[in-house]
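Peer 1: Provided herewith is a single structure, encoded as structure tokens, for subsequent inquiry.
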Amino acid sequence: MFKYFTADTNNQEEYAFANGRIKKLEKGLLTKDLLDRMIKSTDTISAIKILMEGNLNNYSFDLNNPENYEDSLNRELLSSYNIIKDISKVSTFNFLYFTFASKYDFHNIKILIKSKYLKEDVSDKLISPIGTINIKKLNLAIIDEKYEDLPNSFEFLIKKIFLEYSKFKDPEIIDFILDKERYVMIFNKIKEVEVIETEENFLKRFIKINIDLNNIISSIRAKIRGEEKIFLKNFLISEGDFNIKNIVAVYDSPLSSWPEKLVYTDYKNVIELGIKYFQKNNSLMELEKLRDNFIINFTKVGKLITFGIEPLVGFMVAKENDIKNIRIILSGKLNKLLPSTIKESVRDTYV
Amino acid sequence: MITQGIVMAFLGSAIAIGLACSGSGMGVGIAGAAAEGVLTEEPEKFGLMLFLSAIPGTQGIYGLLVGFWVLMKTGIFAGVPLPLTLNQGWQIFFACIPVGVVGFFSGWYQGKTAAAAIGLVARNPEEVGKATVMVAMVETYAVFSLLASLLLFNGINL
């Protein structure tokens, strides 16, 4: 009783504040109906006007230059991350910002390392302002190999990539290593903080789902690239729920037989429909969409919870998902794609 | 004269006021934190947020009412405490328990319900009526406990 009492009361004001703020922001998330109207609109400007109508959200676009929509979307994403950063200042949620924003650290590392090896200039547009590590520090570490002020885990990671790249000389290796190391780092971060057991389960499951889906997509990509099984073993992430031995076991069989062999998993539909679409259209677009839908549907539980980490995770996933959907619709409109073609790529919504 | 009975009456009054006000304090604290979260994004909703976050405060009022009534009826306010027997003191003490204990838990949990209601109203302001009904349902039990304490106290021959 006492344990329950203290565990529940220690952080409840922090939860209440964070959840109250998020519930207000959930109002600005996009509905399926609104996306459908945007898809059916005649052009980019009409789609943007539908998005901004009613002042329900904070998106702001320059209607004279609709092709610059990326700037607006990046601004909105940055503002959402700043809110999460603000919420993460309290001890209960200090791992939350890292869980989400570290993705952009890894993205920046990827860009900087590739530019170093491929001797290409990095455009500022490719570097994300979101992230837990200052871009100047990353630049110093990667380009000049000066690791002052850089967390040890990132120093170790960058040195590891240098080493692996010198062995394989393949830029795609960088992607595989970074994807793997990101999840390992997030898991270690979660272990450092004290969270209530039920939340820990939700968080772990959320990350494990991401790992499993990442493993599945990486394996399919490796299979398409014609990689050897030994290559796959090195880059699969073992922290997921889905035993990587199962993927390794089916790896040598034809891609078309994978759904049948992995039918007992939670990801049966993702694998089956994703592979079917790939065989028909030679594109992994549907697989990526199914992955995103799986994740968004898992986090929808956050809408029903008043106190907890779930609404915060749900909001961040939903916001990124919304921005992805807007990007799909607006780029489709700019490229004069048919509404039915755009609709095929649009992800499920959170609300 | 301070008898053992009057000491028990003091204790009862302290429990009624102390526990009920603690529950309310926790409840208002939780609801207030949720309201502050909403107000960070939407300061114009202050009136609505104030209303919802103040509801868990009523348990403290009930506790204070019973506690003061005990102090009044036992002559403590007048400065002439009644020479209560230990038996009477225990009766007063137990009469104070419902409002104190129920006030503590209902205030705390009403705070959580109010925070949930604040979340609902933040998304759909037009649902304020339904949200208030849900919060008020927790209040029912605080009212029952107030009634129980008053009836129990009323049954004591002083």
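Peer 1: Tell me which residues, restricted to the range B:134-157, are part of a helix (DSSP H, G or I), open to solvent by 40 Å² or more (accessible area, probe 1.4 Å) and farther than 17 Å from residue B:27 by Cα.
Peer 2: Matches in the range B:134-157: B:144, B:147, B:150, B:151, B:152, B:154.
Peer 1: With the condition kept exactly as written, say whether any residue in the range A:17-37 is part of a loop (DSSP other than H, G, I, E, B), farther than 26 Å from residue B:29 by Cβ and open to solvent by 20 Å² or more (accessible area, probe 1.4 Å).
Peer 2: yes
Peer 1: Right, here's the next one. Looking at residue B:61 and the list (1) without any contact (Cβ under 8 Å) to a residue 60 or more places away in the chain; (2) within 23 Å of residue B:144 (Cβ to Cβ); (3) open to solvent by less than 70 Å² (accessible area, probe 1.4 Å), which single condition is not satisfied?
Peer 2: With (1) without any contact (Cβ under 8 Å) to a residue 60 or more places away in the chain; (2) within 23 Å of residue B:144 (Cβ to Cβ); (3) open to solvent by less than 70 Å² (accessible area, probe 1.4 Å) applied to residue B:61, the lone miss is (3).
Peer 1: Got a sec? Which of A:292, A:322, A:348, A:266 is over 28 Å from residue A:71 (Cα atoms) and out of contact with any Gly (no Cβ under 8 Å at 6 or more places or on another chain)?
Peer 2: A:266 is the lone residue from the list that is over 28 Å from residue A:71 (Cα atoms) and out of contact with any Gly (no Cβ under 8 Å at 6 or more places or on another chain).
Peer 1: Give me the residue from the range A:17-50 that is among the basic types (Lys, Arg) and away from chain B (no Cβ under 14 Å) and, out of that set, nearest to the chain's Cα centre (by Cα).
Peer 2: Residue satisfying both the conditions and the ranking: A:32.
Peer 1: May I ask you to list the residues in the range B:103-133 that are within 14 Å of another protein chain (Cβ to nearest Cβ), closer than 22 Å to residue B:21 by Cα and open to solvent by 10 Å² or more (accessible area, probe 1.4 Å)?
Peer 2: B:104, B:105, B:109, B:112, B:113, B:116
Peer 1: Of the residues that make up the range A:287-307, is at least one closer than 26 Å to residue A:75 by Cβ, assigned to a loop (DSSP other than H, G, I, E, B) and either touching a Leu at 6+ places or on another chain (Cβ under 7 Å) or modelled with pLDDT of 95 or more (or both)?
Peer 2: No: the range A:287-307 contains no residue that is closer than 26 Å to residue A:75 by Cβ, assigned to a loop (DSSP other than H, G, I, E, B) and either touching a Leu at 6+ places or on another chain (Cβ under 7 Å) or modelled with pLDDT of 95 or more (or both).
Peer 1: Sticking with this structure for a sec: Looking only at the range A:296-346, how many residues end up being surrounded by fewer than 21 Cβ atoms within 10 Å (Cβ to Cβ) and charged (D, E, K, R)?
Peer 2: 8
Peer 1: Could you say which residue among B:77, B:51 is away from chain A (no Cβ under 14 Å), under 26 Å from residue B:142 (Cα atoms), open to solvent by 60 Å² or more (accessible area, probe 1.4 Å) and outside any helix (DSSP H, G or I)?
Peer 2: Within the list B:77, B:51, the selection yields B:77.
Peer 1: While we're here: So in the range A:43-61, with the set limited to residues that are hydroxyl-bearing (Ser, Thr, Tyr) and under 18 Å from residue A:74 (Cα atoms), which one is most open to solvent (accessible area, probe 1.4 Å)?
Peer 2: A:60
Peer 1: With B:45, B:112 as the choices, which residue is out of contact with any Phe, Trp or Tyr (no Cβ under 8 Å at 6 or more places or on another chain), charged (D, E, K, R) and either in a helix (DSSP H, G or I) or modelled with pLDDT of 95 or more (or both)?
Peer 2: Matching residue, one of B:45, B:112: B:45.
Peer 1: Name the residues in the range B:81-102 that are open to solvent by 40 Å² or more (accessible area, probe 1.4 Å) and not in a loop (DSSP other than H, G, I, E, B), would you?
Peer 2: B:86, B:87, B:90, B:91, B:94, B:97, B:101, B:102, listed by residue number.
Peer 1: Let me ask something additional. Got at least one residue in the range A:270-285 being surrounded by fewer than 18 Cβ atoms within 10 Å (Cβ to Cβ) and within 27 Å of residue A:75 (Cβ to Cβ)?
Peer 2: Among the residues of the range A:270-285, at least one is surrounded by fewer than 18 Cβ atoms within 10 Å (Cβ to Cβ) and within 27 Å of residue A:75 (Cβ to Cβ), which makes the answer yes.
Peer 1: Can we say residue A:86 is out of contact with any Ser or Thr (no Cβ under 8 Å at 6 or more places or on another chain), open to solvent by 40 Å² or more (accessible area, probe 1.4 Å) and in contact (Cβ under 8 Å) with a residue 60 or more places away in the chain?
Peer 2: It is false that residue A:86 is out of contact with any Ser or Thr (no Cβ under 8 Å at 6 or more places or on another chain), open to solvent by 40 Å² or more (accessible area, probe 1.4 Å) and in contact (Cβ under 8 Å) with a residue 60 or more places away in the chain.
Peer 1: Sort out which residues of the range A:303-342 are more than 15 Å from residue A:35 (Cα to Cα) and more than 20 Å from the chain's Cα centre (by Cα), and write them in order of number.
Peer 2: A:304, A:305, A:306, A:307, A:308, A:334, A:335, A:336, A:337 - these are the residues of the range A:303-342 that are more than 15 Å from residue A:35 (Cα to Cα) and more than 20 Å from the chain's Cα centre (by Cα).
Peer 1: Given the options B:25, B:29, B:37, B:5, name the one that is at pLDDT 95 or above and surrounded by 17 or more Cβ atoms within 10 Å (Cβ to Cβ).
Peer 2: Checking each option against the conditions leaves just B:25.
The values are calculated or read from the model by the stated rules, or taken from the named source; none is laboratory data. Here the structure is a predicted model, which is why all the values come from computation and not from measurement. Virtual Cβ from ideal backbone geometry, glycine too; neighbours counted across all protein chains shown. All accessible areas refer to the heavy atoms of the entire protein, side chains included, with ligands and DNA or RNA removed. Shrake-Rupley method; radii C 1.70, N 1.55, O 1.52, S 1.80 Å.
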